[in-house]
Amino acid sequence: MMQKRKADLLFLGGGRITSALCAGLRLAGDRRKILVYDRHPDKLRTLRKESRIEIAQNLKSAMEDAKMLIVAVRPSSVREMLAEVARSGAMPPRLCVSLAAGIPFRNLREWLGSPARWARAMPSPVCRIGRGLTPVSFDRGVAKSDRARVREWLARVGAVIDLPESQMDAITATHSPTHGYHALARLAKAAERAGLNSKAALIAAGHALSDGIGYWRESGLSLEELLHEAATPGGIAAATMTAMDRAGYARVLQKGLAAGIAQARRNAKSSSQF
């Protein structure tokens, strides 16, 4: 009898980040077996249609059928999800990855209570089109071969950067594509108030942000060189940047990141209190 092929990845949670990762993997031509466990059948049916995942009907058998476990639920649900894993009576895969913002290794080790080895990763939703960025951190005791396995599948959907756990909250607050969406919305609205129609304002703001950053990536020039090039004395760009800096642009960004980091820490604290 032919032995059943084990699932390379088992996702606990079929929400947005699972959807983005699975779509990105399939876009990259990845054909590995992916299992997804979720309590909402509509999510699972959509995922199966979009990304050819397999639905995990039973948590215990799914655990026994997986090589790597990926916890992809909200931070407030991680403890409950891992308790459900423990109650199932199955031995989880040795290699586990948490995608939950702010939940530290010490909590993950305590809540699962098995000899699992943990990694934390924070994939950008842009991984859906293969252009994501995923910071990853590894707990003590994770073998080099297992670290390579985690990096390998994440690299299929974009760049991967290794960081110590102490920096995970800061990069989570920094690398979110919502910064781009937020800046685009605010810049386009300011352009409308300056006299552009809404369509032209959005096109201009999108070019300034997306194509400008694309040029930085491809040109090999440093940010300092580009800013110096743009800041022609007496020019429009120089006047615009100077006014924004004087209005507290840098301070606003710093406050925003600080708020994001504080929220991640609140997530960790509140998830431990029930």
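The values are calculated or read from the model by the stated rules, or taken from the named source; none is laboratory data. The shown structure was predicted, so the numbers you read here are calculated from the model rather than taken from an experiment. Ideal geometry is used to build each Cβ from the backbone, glycine not excepted, and the neighbour counts take in all protein chains shown.
Can you give me the number of residues within the stretch 139-155 that are closer than 12 Å to ARG117 by Cα, among the aliphatic types (A, V, I, L, M) and either free of Cβ contacts under 8 Å to residues at least 40 places away in the same chain or touching a Lys or Arg at 6+ places or on another chain (Cβ under 8 Å) (or both)?
2
Could you please give the count of residues in the stretch 197-220 that are outside any helix (DSSP H, G or I) and modelled with pLDDT of 95 or more?
Here the count works out to 1.
Hey, can you tell me all the residues within the stretch 221-249 that are of a type outside the set (A, V, I, L, M, F, W, C), assigned to a helix (DSSP H, G or I) and more than 17 Å from ALA185 (Cα to Cα)?
The answer is GLU224, GLU225, HIS228, GLU229, THR240, THR242, ASP245, ARG246.
Out of the stretch 6-35, which residues are part of a helix (DSSP H, G or I) and either of a type in the set (Ser, Thr, Tyr) or closer than 26 Å to VAL85 by Cα (or both)?
ARG16, ILE17, THR18, SER19, ALA20, LEU21, CYS22, ALA23, LEU25
Would you point out which residue out of GLY158, GLY132 is touching a residue at least 24 places away in the same chain (Cβ under 8 Å), farther than 18 Å from ALA66 by Cα and buried (at least 21 other Cβ atoms within 10 Å of the Cβ)?
Step by step, each of GLY158, GLY132 is checked, and only GLY132 is touching a residue at least 24 places away in the same chain (Cβ under 8 Å), farther than 18 Å from ALA66 by Cα and buried (at least 21 other Cβ atoms within 10 Å of the Cβ).
How about the stretch 1-19: which of its residues are out of contact with any strand residue (DSSP E or B) (no Cβ under 8 Å at 6 or more places or on another chain) and touching a residue at least 24 places away in the same chain (Cβ under 8 Å)?
Of everything in the stretch 1-19, those that are out of contact with any strand residue (DSSP E or B) (no Cβ under 8 Å at 6 or more places or on another chain) and touching a residue at least 24 places away in the same chain (Cβ under 8 Å) turn out to be LYS4, ARG5, GLY15, ARG16, ILE17, SER19.
When residues of the stretch 85-135 are filtered for being among the polar types (S, T, N, Q) and outside any loop (DSSP other than H, G, I, E, B), how many remain?
So the count comes out to 4.
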